[in-house]
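The values are calculated or read from the model by the stated rules, or taken from the named source; none is laboratory data. Everything numeric in this text was worked out from a predicted model, so none of it was measured. Glycine also receives a Cβ, built like all others from the backbone with ideal geometry; neighbour counts cover every protein chain displayed.
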Amino acid sequence: MSNIAGKAYAMNVITPIRWYKVWINRLIFKIALSKPSTLKGLVTLSLIHYARWVIIPRDGFPHLDSSQPKENLNYAYMLFFSNFNGSWDQYVDSFTFAIPAGLDLFWKWNVRYPKSVPLSPFHKYIRHNQIDTSHYYNAYPMAASNDVKSAKKLKQALINFNAESASKTSEEFLADYNRLLNYLQHDFGEMRATPIVSLAAHAVKERYLKSHAAH
Amino acid sequence: MATKSGNATALTVLSPIKNGIMDDLSFADITRERCLRLPIHEKSPIARVPNTYLARLFVLDDVVYESLPGSDSVFNFSDITSFFSDTARKDALPRKDRLQSKYLVFSSNFYGDLDAYLTGVWEKWAYDDYGIQRDVRYIWEHCVAFDQVNDCSDFIGYIKKCQLDASLFFNGSTDDSLQEQLKSLYLKQEFTRFVVAHQGKSAAEIQQDFKEFVKRVQPENLNGPSWQPGQSMP
């Protein structure tokens, strides 16, 4: 199991939803898509790289060949995949505290969803429906989602500064340089391998270092 | 369809695994073991697939039964009726579903077009499996009808048959290509170090060193010095 790749955590949650309520969920997602302001709450959770919701109708599981038995399900299923930074508790709790109403709107049509407040039943629900990842790949294990965003700002500022100020007199250069540092003060930060966030992740890292040494 | 958000695509693939066993192991367990054995970070085969931001593999053995007590109003009401008969309460319990196949789940967040991406998966996915070179076919080998996949266009067709559309895809990142993101992260790392190392130095010295710094890091050259995909050590 490897739900962790560097600073990112992969969450997979699968929950049943009554087939005759699927259209309500789809409609809510559609509205959320067409009105980006409805996703404002998610944007404030800047620890998220990417997240998705996929609804599989009762007859929607891929069927490829006559040798494959057909599914015979009572419920449709909703898959939720998220890529975020930090620990499981931090993530689940930040959802509860930041966007409880939005969360309930997305999940309340699911069977036995307990609502996001209070916390303990919600934790139990997510843990009960979560499936571990076997292999998780992250293109930048040392970076958090906020690092990716701040790096974009830093790159542009650096390019502009170089074009405008590199050839000025030393004093003018220094004044511009200090202004640049002031502008970027929230965007600096050296990135390193993540500290131990769980013993499982630590074990994966040890194994990785061993295989590194072996080859 | 919400599978795209800006330039990012959410690929969700559920490939059914054959029901059966080989050498006392089910095909699903063999597939799971192969996923677990994949090398991680920069050595992951996915690191070679262009434009992959984040991706995962796991085996969906079954759906989950909602056995936990819920706050269902019908269920609570049936608690009262159970004074006369248990039928209503039993009927209010969630039904139990069982999947007929286990599924290999591949979920990827990547930059750009699906066909170009899947071409990259087919052509670039390669890794060292404790001394043996493997390609993408090794992971999907025991999936239903995968034996009919012989070339790249078969593979693209196969994955599309297993693909599910996202109802909502949230892109919390920058919507730039991976190459652009990696270059930006590299610059953030290097410029942070430069700034720390030049605290309190004279204007002339900072200016001179900055020129050399720019020459070294080449901020606008995406093919110049950068982080490698999956790079896990500074």
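Listed by position, the strands (runs of 3 or more DSSP E) enclosed by segment B:99-145 that each have at least 3 residues that are within 14 Å of the chain's Cα centre (by Cα) are B:102-111. Filtering segment A:118-166 to residues that are more than 21 Å from the chain's Cα centre (by Cα) and assigned by TED's automatic domain parsing to the domain that holds A:T96 leaves A:P118, A:S120, A:P121. Here B:P69 meets each of (1) at pLDDT 70 or above; (2) more than 21 Å from B:Q179 (Cα to Cα) with one exception, condition (1). When we screen A:A203, A:A163 for residues that are surrounded by fewer than 14 Cβ atoms within 10 Å (Cβ to Cβ) and closer than 30 Å to B:P39 by Cβ, the only hit is A:A203.
Within segment A:27-70, take every residue that is of a type in the set (A, V, I, L, M, F, W, C), closer than 30 Å to B:V144 by Cα and not in a strand (DSSP E or B) and give me the one that is farthest from the other protein chains (Cβ to nearest Cβ). Selected residue: A:F61. Would you check if there is a residue in segment B:101-110 being modelled with pLDDT of 70 or more and out of contact with any strand residue (DSSP E or B) (no Cβ under 8 Å at 6 or more places or on another chain)? Checked against the condition, which is being modelled with pLDDT of 70 or more and out of contact with any strand residue (DSSP E or B) (no Cβ under 8 Å at 6 or more places or on another chain), segment B:101-110 yields no hits at all.
Checking each residue in segment B:180-234 for being in a loop (DSSP other than H, G, I, E, B) and among the small types (G, A, S) picks out B:G200, B:S202, B:G224, B:S226, B:G230, B:S232. Within segment B:147-164, the set of residues being more than 18 Å from B:K18 (Cα to Cα) and facing chain A (nearest Cβ under 8 Å) comprises just one member, B:L164. Scan segment B:166-193 for residues that are facing chain A (nearest Cβ under 7 Å) and either among the small types (G, A, S) or closer than 26 Å to A:A32 by Cα (or both) and the total you get is 11. Residues that are of a type in the set (S, T, N, Q), within 7 Å of chain B (Cβ to nearest Cβ) and without any contact (Cβ under 8 Å) to a residue 40 or more places away in the chain within segment A:123-165 comprise A:S150, A:N162, listed in sequence order.
Taking segment A:1-26 as the range and being assigned to a helix (DSSP H, G or I) and more than 10 Å from chain B (Cβ to nearest Cβ) as the test, the residues that pass are A:W19, A:Y20, A:K21, A:W23, A:I24. A:F188 satisfies every condition listed in (1) of a type in the set (F, W, Y); (2) crowded, with 19+ Cβ neighbours inside 10 Å; (3) in contact with a Leu (Cβ under 9 Å, 6 or more places away or on another chain) except (2).
A:S170 fulfils the conditions (1) facing another protein chain (nearest Cβ under 7 Å); (2) closer than 24 Å to B:D175 by Cβ; (3) surrounded by fewer than 17 Cβ atoms within 10 Å (Cβ to Cβ); (4) among the hydroxyl-bearing types (S, T, Y) except for a single criterion, (2). Return yes when A:N83 is assigned by TED's automatic domain parsing to the domain that holds A:V13, polar (S, T, N, Q), in contact (Cβ under 8 Å) with a residue 60 or more places away in the chain and not in a helix (DSSP H, G or I) and no when it is not. In short, yes. The C-beta contact set for segment A:167-188 (first residue part of a loop (DSSP other than H, G, I, E, B), second residue surrounded by 15 or more Cβ atoms within 10 Å (Cβ to Cβ) and among the polar types (S, T, N, Q), distance under 6 angstrom, 6+ apart or interchain) comprises A:D187/A:S150; A:F188/B:T192.
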